[in-house]
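Notes for the one structure printed next.
The values are calculated or read from the model by the stated rules, or taken from the named source; none is laboratory data. Computed from a prediction, not measured in an experiment: that's the story for all the values here. Note that each Cβ is placed from the backbone with ideal geometry, even for glycine, and that neighbours are counted across all protein chains shown. Side chains are part of the model used for accessible areas, which takes the heavy atoms of the whole protein and leaves out ligands, DNA and RNA. Shrake-Rupley method; radii C 1.70, N 1.55, O 1.52, S 1.80 Å.
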Amino acid sequence: GCFVAVYAVIGARLVQYGIADIEAGQSYSSVDRIMAARPDLVDRNGAVLASDIRVASLFGEPRRVIDPDEAVESLSSVLPNVDYKEWHRKLSSGAGFVWLRREITPKQQAEIMALGIPGMGVRTETRRFYPGGPTAAHILGIVNIDNAGISGIEKFIDDQGVGALQDLGLDTAEALPPVALSIDNGVQHIVRDELVQAMERYSAIAAGCVVLNAKTGEVIAMSSVPDYDPNTPFHAADKDRLNRMSAGTYEMGSTFKAFTTAMALDSDKVN
């Protein structure tokens, strides 16, 4: 009797969800990760450092594609650098869904739709955009193609719960409250600009700087060059692009002289 009751309840709920209208059904369904929102990152003055934008991505439904060769040939007239062999393999696979090109321009989207190729479609995704480019790259970090944080503050946010919600399918496409950082974007820009000029002037391998509020310990600016543009982070994993201010290891050397001098002054042996 208990087993019958349990399965009867499960069956009733399945029927309820099955006949629910679309608007009601949305309250039960999880949000696709590629559409999930990430909170904006802002500096101490409210200037936006990272935000979400909507972009279109091209997908194919191989089961509906009539002629893979013709489809690939037509798409190559609109999109650059088409991998004919790979795309033909995907569109001939008989799968229900395959990605072809992530993040296409509105013009490319319109031209592809005008081709009228059966089995081709465009889906809206969420992409992370960094207005300052490389200005605060090492601090902000980057996200992967599925909009999940993999370094910097972006990864820290995911580790605080956003990533867990995404994994459970409980995230939302609605805007989240912004996350305010201690850095000042104006100071950060000046610091990076000075480091780039200094590295060129002295033919240095790298340069770095941290600006702290001495009273609170807040990081007002932190930069390490060479760096990368988080909007196109192709070189982010290169060996020379690490954040030397947080990941570098240094022999303290002459910095200890400040301690011995302070001890001498404190002992009143010297003035």
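For the reader, a short list of remarks on this structure follows.
- With at most 11 other Cβ atoms within 10 Å, longest stretch of the chain clear of loop trypsin sites (Lys or Arg not before Pro) (DSSP): 1-214
- Of all the options Val179, Val78, Val48, the one that moves most in a Gaussian network model of the chain with Cα springs shorter than 10 angstrom is Val78.
- Along the chain, the longest continuous region that contains none of the chymotrypsin sites (Phe, Trp or Tyr not before Pro) in a DSSP loop with at most 15 other C-beta atoms within 10 Å is 98-201.
- Solvent-accessible surface of the stretch 51-190, averaged per residue with a 1.4 angstrom probe and all protein chains in place: 52 square angstrom.
- Using a Förster distance of 30 Å, the FRET efficiency for Phe129-Thr249 (Cβ separation, nearest 0.05): 0.35
- Highest-MSF residue in the chain out of Met113, Met199, Met252 [GNM, Cα springs under 10 Å]: Met252
- Carbon + sulfur, % of accessible area of the chain - ligands and nucleic acids excluded, 1.4 Å: 58 percent
- Kirkwood Rh and Cα Rg combined as Rg/Rh, the stretch 42-138: 1.13
- Longest DSSP-loop-exposure-free segment, GluC sites (Glu not before Pro), the chain, at most 14 other Cβ within 10 Å: 1-173
- Quarter the surface of the alpha carbon convex hull of the stretch 119-271 and you get the mean projected area, 14.5 square nanometres.
- Estimated translational D of the chain in µm²/s (Stokes, Kirkwood radius over Cα pairs; 37 °C; 0.692 mPa s): 142 µm²/s
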